[in-house]
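Below is one structure, written out as structure tokens; comments come after it.
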Amino acid sequence: MNRYVAKLPMLTGVSAGLLMFADPALATQTHGQPEGLYVHQMAHIFFLISMGSLDFWLRQRNLTEQRGWKYIQFSAVLFILWNIDAAAVHFLDEHLDILGITKIDLWHIKIENSQRHDSITILYYLMKLDHLLCVPAMFFLYFGLKTILKTTDNAAGDKAQS
């Protein structure tokens, strides 16, 4: 029997135990005023510019015709959108005094809007779902790197056989 299959019940039990005692992971962090927020916002801008540069570089070199690089391009675009979204949420949370957020319990929050515009409340709620951009971006990056590695290994194997 494969040694990994023999360890599967133990790994499943450990994983289930860790999930049972997990703390909530908040999708958007708040930071102490003002230095923490400024540095964090600058990091979002730097990451956004880096992903924009990567996307531009991939297009300039026509690498997006290859499947692995296309996945990495999708990842870069999703990371750009994620950074815009996360920076905007930080701005709404920390700088504008439009919304009041109250945590009711583990699964519920109350969003109060001083402007009385439901569209701002709905937009803020949707923007707080930034993991819907970040997680697919990480998957595209993973699959892009995996595809490039597989292609490189296959090419190296073909050269070795020659």
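I want to confirm something. Restricting to region 82-112 and keeping residues that are of a type in the set (Val, Ile, Thr) and more than 24 Å from the chain's Cα centre (by Cα), which single residue is modelled with the highest pLDDT?
Out of the qualifying residues, it is 104.
Among the residues of region 126-144, is there at least one that is farther than 26 Å from residue 40 by Cβ, modelled with pLDDT of 85 or more and surrounded by 15 or more Cβ atoms within 10 Å (Cβ to Cβ)?
Checked region 126-144: at least one residue is farther than 26 Å from residue 40 by Cβ, modelled with pLDDT of 85 or more and surrounded by 15 or more Cβ atoms within 10 Å (Cβ to Cβ).
If only one of 153, 93, 158, 85 is under 30 Å from residue 64 (Cβ atoms), touching a residue at least 24 places away in the same chain (Cβ under 8 Å), part of a helix (DSSP H, G or I) and not hydrophobic (A, V, I, L, M, F, W, C), which one is it?
85
List pairs: first in region 118-139 and assigned to a helix (DSSP H, G or I), second modelled with pLDDT under 90 and polar (S, T, N, Q), Cβ under 6 Å, 6+ apart or cross-chain?
If the second residue must be modelled with pLDDT under 90 and polar (S, T, N, Q), the pairs left are 120/113; 121/113.
Checking residue 71 against (1) surrounded by fewer than 12 Cβ atoms within 10 Å (Cβ to Cβ); (2) touching a helix residue (DSSP H, G or I) at 6+ places or on another chain (Cβ under 8 Å); (3) not aliphatic (A, V, I, L, M), which single condition isn't satisfied?
Unmet for residue 71, out of (1) surrounded by fewer than 12 Cβ atoms within 10 Å (Cβ to Cβ); (2) touching a helix residue (DSSP H, G or I) at 6+ places or on another chain (Cβ under 8 Å); (3) not aliphatic (A, V, I, L, M): (1).
Step by step: first the residues of region 99-117, then only those that are of a type in the set (A, V, I, L, M) and not in a strand (DSSP E or B), then the one that is surrounded by the fewest Cβ atoms within 10 Å (Cβ to Cβ). Which residue is that?
The residue in question is 106.
The values are calculated or read from the model by the stated rules, or taken from the named source; none is laboratory data. Since the model is a prediction, treat every value here as computed from it, not as a measurement. Positions of Cβ are backbone-derived with ideal geometry, glycine not excepted, and every protein chain shown enters the neighbour counts.
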